[in-house]
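Notes to accompany the following structure.
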Amino acid sequence: MRLKLLLGVVALTVVLVSPSAFAQNLVTNGSFETGYWTGWTTGGNFADTEVVSSPFYGYESEDGSYFALLGPVGSPGTLSQTFSDQAGAQYTFSFYLAGRGDHPSFFSAMWDGTTLLSLTDPDHQWQQYSFTEIGTGHDSISFSFQDDPGYMALDNIVVSSNGSGTGTTPEPSSFILLGSGVLALGGLARRKFRVRPGCCGRLWNQ
């Protein structure tokens, strides 16, 4: 009976350890690994802007094999995506940007139309920008960019729950430790209670 109970706990632990229990990226194709703008809405002046494989124009992808190369001339292009989330929960919105200091060039990032970042002639290798936002149940991220002389690069765009606001998402390592502990207890129970051969079914402590 005890062993059955322990096995039931093990089964429940396995369910809890499923990937759905962990924070996931709400952005579709955030690292452009489809090799195209899958999941994204493009707008404005989108000439000289494309998904490219690494390396290209002196840039290496920050994550995976592809990244977005941004180079509209004369007027900006835009890139946006909407997603469903949990109202009231805190989310981390992050991405990596690289630029050559081209003039004129600019880049901005927005959450639900509110500007979070505005850069003029960005000049740095891959740099991560990160912001904490509150979900409304249905939110959007967007970028606006222009680089007349050359190109900027964008990659590894992520929106994920940071475990605050409406509850905490357990760390994967916590689940793994819990599952290992329960499995160990199950093994201990099997060793502790056994039937001694030839002793009329009496339980004995090994």
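Every number in this text was worked out from the coordinates using simple rules, so none of it is lab data. The structure presented is a predicted model; accordingly, all values stated were derived computationally and were not measured. FYI the Cβ positions are ideal-geometry reconstructions off the backbone, even for glycines, and counts take in every protein chain you see.
What distance in nm lies between label points placed 7 Å from Cα along the C-beta direction at SER140 and THR82? Going from the SER140 label point to the THR82 one covers 0.6 nm. Once the chain from TYR129 to LEU116 is taken as fully extended at 0.36 nm per residue, the excess over their C-alpha distance is 3.7 nm. For the stretch 24-161, the convex hull spanned by the alpha carbon atoms encloses 89 Å³ per residue. Taking the Cα centre of the stretch 56-149 as reference, the dipole from Cβ charges on Lys and Arg (+1) and Asp and Glu (-1) amounts to some 80 debye. Of the peptides 111-117, 157-163, the ranking by mean beta-carbon count within 10 Å, highest at the top, reads 157-163, 111-117.
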